[in-house]
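Heads up: the structure comes next, in structure tokens.
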Amino acid sequence: MLIFRSHGKQIELLGSTIVEWLAYGLAVFLILFPKGGFKAGSVPLTWGYGLIGIALIFGVPFWLLRISPKIPRGILGLSLSLAPLQLLFLYSLLFNGFADFGFALSDLVAFFLLPFAFVGIFSQFLPEIRMERLLVLARWLIFLAAAYGIFLFVWRLTTGTYIEIPFLTVNLDDIGTLDSKYNSRSGGLFKLISTYNNGNQYGVATLLLLPLFDAFEHSRFRKLLVRAALVLTLSRTVWIGLILNEAFDVGRHLLGDLRSSKKFSIRLSVRYSTFFGFGRLALATAFVLGMTLLFSGVSFLFDSSLGGRTVYFEDAGPLTVFPSAPVAQFAEIIYLSALTMLGWAGLAAVVLLFCSPVLLAIRFEELRRTTLQVAALQGLILYIPLAAMDGALNYIPTMAFYWFLWMLFIYGGSYDGPRATRYKANVRQIFTRRAPRSLTS
């Protein structure tokens, strides 16, 4: 077995370059073991975020040597969308301070460090990574996290305890505390938590990657198992996210089919796969509604407390235009937290950032060129409604996934996977005014 060999100007170790091994390590400790690590006070220090820090330290010097005067339009668009929120955070920290150091640090990591790391630094090394290998690994890691989650769910029902592996599946300081992390449900059930330690966090983080998983995963069994894991989170936010993801898929394919019809043709053509998509959407909706009624009863449909979230409205102080409160945690409803913590300007800044992928995709064709970019775009769009229910913004690894998708959205234009032709063609119909002369399947 060849351990070392030359690959261009780089040295390969066991078939991969150092940059690739670092990317693989990030994937493993962000997707499969996101909570592994320990705490310094109230601040969790995880292996995944630690690797991000190490990659930044070694990557910045190479990035400085590679800086190009030509800036992609997607980067300019992102910078203009992110800058207002960053300025409001700096203003609030300067004049209002912070209410909780751990959460304030998490906010800075989410909106300063992670976008700089993924979009600024790591993106420059994408040409040196064999994307097909990274995508295969990511697919398997998403599947393994779901499979382990289902196993742990059954284990918890059977034995009444969790399996905890310190430093790997659970933070060292969180051992024995999983039952206190809002994972319980009525009837003695507990949410599926996998290695994320919380059902909602697992669900939201996995939903971000679900379009990417679907675009490159070929096994129906693995797709079904991942969805089963998301259903077993027993989270209404996650269930709604599943329906929305299916709806986005159906809508994308339907618009693509309709636009692909001849311009003056009376007969409109729709693929059988699109009709099957409607069937899947109807089944998913019926199943989620049934599960919701089973666990919450009809009262959930008329729950004026929004699942206990109206307390955030009641606790909100006087609203101002600019930040007047210390920097603290983004609670479940991200938009409300932005409003109460950063003022009306903060709400506008968060909405601008989260909605900017849609605006940029409509404006710039190079951001919707490949399967990779379109899947990343759908994940980013999916977070817009999730943030209105339970965005899990301050919790690892949600925002790492979010900015990873941004990186693929802007810089993924040079990679096409094996399923690119049909997937890409459908999306191009949505964003372009003129339909192609023909599109067959």
(message) Suppose the chain between residue 147 and residue 182 were pulled fully straight at 0.36 nm per residue; how much longer would it get relative to their current alpha carbon spacing?
(response) 10.4 nm
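With a 10 Å Cβ neighbour count serving as the proxy for reagent exposure, in which order, fewest first, do 157, 209 appear?
157, 209
Working out 0.36 nm times the residue gap between residue 388 and residue 175, then minus their Cα-Cα distance, what length gain in nm do you get to one decimal?
73.6 nm
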(message) Could you check the spin-label model distance between residue 95 and residue 39? Points 7 Å from the Cα along Cα→Cβ, value in nm.
(response) 3.4 nm
(request) Name the residues whose placed amide hydrogens come within less than 5 Å of the amide hydrogen of residue 98, ignoring near sequence neighbours (fewer than 5 apart) on the same chain. (result) 327
(message) Would any residue of the range 199-215 have its amide N under 17 Å from a label point 7 Å out along Cα→Cβ of residue 157? List them or say none.
(response) 199
(request) Give me the distance in nm between label points sitting 7 Å out from Cα along the Cα-to-Cβ direction at residue 70 and residue 351, one decimal. (result) 3.7 nm
(request) Estimate the FRET efficiency between residue 366 and residue 116 by the formula 1/(1 + (r/R0)^6), using the beta-carbon distance for r and 22 Å for R0, to the nearest 0.05. (result) 0.50
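To the nearest 0.05, how large is the calculated FRET efficiency for residue 321 and residue 54 if R₀ is 35 Å and r is the Cβ-Cβ distance? List each step's numbers first, then the result.
Details: r = 41 Å, r/R0 = 1.16.
About 0.30, to the nearest 0.05.
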(message) Multiplying the sequence separation of residue 276 and residue 414 by 0.36 nm and subtracting their Cα-Cα distance, what value in nm do you get?
(response) 46.6 nm
(request) Measure off 7 Å from each Cα along the Cα-to-Cβ vector at residue 344 and residue 133, then give the distance between these two points in nanometres to one decimal. (result) 5.4 nm
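Where a number appears in this text, it was derived from the coordinates with a stated rule and is not lab data. The shown structure was predicted, so the numbers you read here are calculated from the model rather than taken from an experiment. When we count neighbours, we look across all protein chains shown, and the Cβ atoms used for this are built from the backbone with ideal geometry, even at glycine.
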